[in-house]
Amino acid sequence: MKSETVKNMDVLLRPEKFRAAVFDRTASEEGGFSNYSYWRSTIRTFFRSKFVVFIVALIGMLILMAFLYPALSKTDPGAISTNPMTWNKRPNADHWFGTDSIGRDIWARAWYGTRNSFLLAFFIACSDVGVGTVVGALWGYNKKMDPVMIEIYNVMTNIPSTVYLVLLAYIMNTSFLTLFIAMASRGWIVEARFFRNRILSIRDSEYNVASKCLGTPMRRIVSRNIIPHIVSLIIMETALVIPYSISSEVFLSFIGIGMPVDAVTLGNIVNQGRSSFALHPYQMLLPTAILCVITIAFYVIGNKFADASDPRNHV
Amino acid sequence: MRAELPGLAGQRAYSIRGGPESLLRYILNRTLRSILTVVIVFVTVFMLLRFMPLNGYFTDEMLKVSDEQTRMAYLRNQGLLDPPFSQLWRFVKNLFAGDLGRSLTVYPKVPITILLCEKIPVTAAFGAASLVLGMTLGLLMGMFMARYKERLGDTLGTFYVVFVRAVPSLIYLFFIQVWVSGVLKLPLVFYEDRPESWILPTICLSLGSIAWYAIWLRRFMVDEENRDYVKFAMVKGLSKKYVLRRHLFKNAIIPIAIYLPSDILFIISGSLIIESLYAIPGTGGLLTKAIQKQDNNLVQVIVLMYAILSVLGVFLGDLLVAFVDPRIRLTEDEG
């Protein structure tokens, strides 16, 4: 039985059945690379879960609406009515989510508020993460900065963030700008330390040390091995700072040192709705729902993206 | 109020060389550094507070009666127009004499020391109750989530954590106050003589820390799960439950323990939101009121108190971990 198989193989593998392949330069190059692309895999892993697709679509629609509505609609979110008949109206055809205690349209206010709060949070996130990345990169590559930066970090993070915010909002007259300054002046140092640690650990990881020993120029290591990692971290951190900033604005409004009362922000709308909740609960419903969806969605997106950007989770 | 845990436990690590002698040096070093940090924080906050609105230095009646000139004379008389550093010096001198100044608008002319002596016990009682509740439930939940990783319990726990951490706390705290109090027939605000009015504020106070303890314990336990000693213990034939409890838990709890002193100190800080919602006469509610009524003296003392408490908490946390963790190494790691 066994010898028979061997005999058959001999018949099959007769030399005249083979011919030498022609050397093909492009084909030989192809074998050396996989068609793995970091970003394609990250995005594919990210969107693999239906839940994430749903949340991204939802948040996309909310933000689109928040920017389109103020641009297209003629309703003024601050228009006060002198006619008491139009105050505290329940939801109806004219006012989809009713009116508040001085006759302002809640549907319009909610979208204006979403836009303003989101823009504020987005600018804060960009500034925190942007400054944080640059400072973190310099810090990671420059040991001399250590003593100063660590002391700044200790001092700033030792003051609880709420106390710091309360303090700054208390001494400044709050407006978009001062609120931005208050939050952005603290956030960057936390991000800087985070990025410094990540850059250090990526730079000193074995494959980069090995690559450096093989003579890869620094520029290539930075552009191919460090920046892609950092970009995904930047996206993740930005997504996570946004809900935090929105929450801070709501918190400051509650304490009474948030945006001026006539500013249309989610924090103001929710707190105004809160004061009339006992009699007119519907006034708080829509703004709160939007607020919850936005904060949860960004939080989830940030975390899911962090998972997806980790090459160990790629397929 | 609590800072995020910095990534993994390792990032905060110190490395040990030598025996108890270097531990002593570490403690000394750390103490001196904390004192420096306290001084810097104190001076910074005090200087920032010099920018407080001037109106906040007057009591209501003074604002009503006096004209611009008398007000300025009053400010000068009180030394509020002096250079900031001489104001700082006077404040520190008074501080060591046990005088923190007087409240202006919230409780006109009452010494702040007396106010704090009244408020701190109330807040501390709530804080202690919620710390115990939060830690017990949080650690149990974290262990449960790690035990049933990626099953229904874990998913539900994650939903809870995401909700508590992402949604502004004001919103769910408010709805708990309005709806849950109605459903459970509990009082809407705090009454000193009704013990059942303690229940909701305590639970509300611990919601955040339950989520915090749960998510970090879960994460550290999952990290530890793949270590060799765990695999070895399982191979020896120990049950998963036993290994989780006796081997894994102790190692996973250390990076969390670093925040325990902060938590203990901060039981006297109270929550700004919860104390205002339930009208609890504590320090958090006091700060909110002081801000709303622009009482500069009160704001200054409470903010400084919070800042110093938190520096102290971080310091004690580092010391605690240096003693508790046998693996600790005592020179700072390179990132």
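The values are calculated or read from the model by the stated rules, or taken from the named source; none is laboratory data. The structure displayed is predicted, hence computed values, not measured ones. Every residue, glycine among them, receives a Cβ derived from its backbone with ideal geometry; neighbour counts consider all protein chains shown.
Only residues that are small (G, A, S) and at the interface with chain A (Cβ under 10 Å from one of its Cβ atoms) were counted in the range B:159-195, giving 2.
For the range A:196-205, a tally of residues being part of a helix (DSSP H, G or I), out of contact with any Pro (no Cβ under 8 Å at 6 or more places or on another chain) and either surrounded by 23 or more Cβ atoms within 10 Å (Cβ to Cβ) or polar (S, T, N, Q) (or both) returns 3.
The requirement of being in contact (Cβ under 8 Å) with a residue 60 or more places away in the chain and away from chain A (no Cβ under 14 Å) is satisfied by B:L137. I want to confirm something. Restricting to the range A:172-189 and keeping residues that are in a helix (DSSP H, G or I) and touching a residue at least 60 places away in the same chain (Cβ under 8 Å), which single residue is nearest to the other protein chains (Cβ to nearest Cβ)? Taking the candidates together, the pick is A:G187. Summed over the range B:141-168, the residues that are touching a Pro at 6+ places or on another chain (Cβ under 9 Å) and farther than 18 Å from A:Y299 by Cβ give a count of 0. The residues listed here are A:M149, A:M156, A:M145; of these, the one that is without any contact (Cβ under 8 Å) to a residue 12 or more places away in the chain, assigned to a helix (DSSP H, G or I), in contact with a Phe, Trp or Tyr (Cβ under 8 Å, 6 or more places away or on another chain) and surrounded by 14 or more Cβ atoms within 10 Å (Cβ to Cβ) is A:M145. Within the range A:124-142, the set of residues being surrounded by fewer than 22 Cβ atoms within 10 Å (Cβ to Cβ) and away from chain B (no Cβ under 12 Å) comprises A:C126, A:S127, A:G130, A:V131, A:V134, A:V135, A:A137, A:L138, A:N142.
The set of residues from the range A:264-300 being out of contact with any helix residue (DSSP H, G or I) (no Cβ under 7 Å at 6 or more places or on another chain), more than 11 Å from chain B (Cβ to nearest Cβ) and part of a loop (DSSP other than H, G, I, E, B) comprises A:L279, A:H280. None of B:L200, B:L207, B:L156 is hydrophobic (A, V, I, L, M, F, W, C), within 20 Å of A:C292 (Cα to Cα), surrounded by 21 or more Cβ atoms within 10 Å (Cβ to Cβ) and more than 14 Å from chain A (Cβ to nearest Cβ) except B:L207. Of the helices (runs of 4 or more DSSP H) lying entirely inside the range B:197-268, those carrying at least 1 residues that are at pLDDT 90 or above are B:199-225, B:228-235.
The residues of the range A:227-249 that are β-branched (V, I, T), within 14 Å of chain B (Cβ to nearest Cβ) and within 18 Å of A:R198 (Cβ to Cβ) amount to a single one, A:V241.
One residue stands out in the range A:42-77 among those that are among the small types (G, A, S) and surrounded by 14 or more Cβ atoms within 10 Å (Cβ to Cβ): the one that is farthest from A:C292 (Cα to Cα), namely A:S73.
Would you please name the residue that is surrounded by the fewest Cβ atoms within 10 Å (Cβ to Cβ), looking only at residues in the range B:26-59 that are part of a helix (DSSP H, G or I) and among the hydroxyl-bearing types (S, T, Y)?
Our first condition is that a residue be part of a helix (DSSP H, G or I); within the range B:26-59, this holds for B:26-49, B:54-57.
Adding the requirement that they be among the hydroxyl-bearing types (S, T, Y) leaves B:26, B:31, B:34, B:37, B:44, B:57.
On the way: B:Y26: 18, B:T31: 12, B:S34: 19, B:T37: 20, B:T44: 14, B:Y57: 19.
In this case the residue turns out to be B:T31.
Scanning the range A:162-183 for residues that are within 21 Å of B:V41 (Cβ to Cβ) and surrounded by fewer than 20 Cβ atoms within 10 Å (Cβ to Cβ) gives A:I171, A:M172, A:I181. Counting only residues that are among the aliphatic types (A, V, I, L, M), more than 22 Å from the chain's Cα centre (by Cα) and under 27 Å from A:C292 (Cβ atoms), how many does the range B:127-153 have? Total satisfying the criteria: 2.
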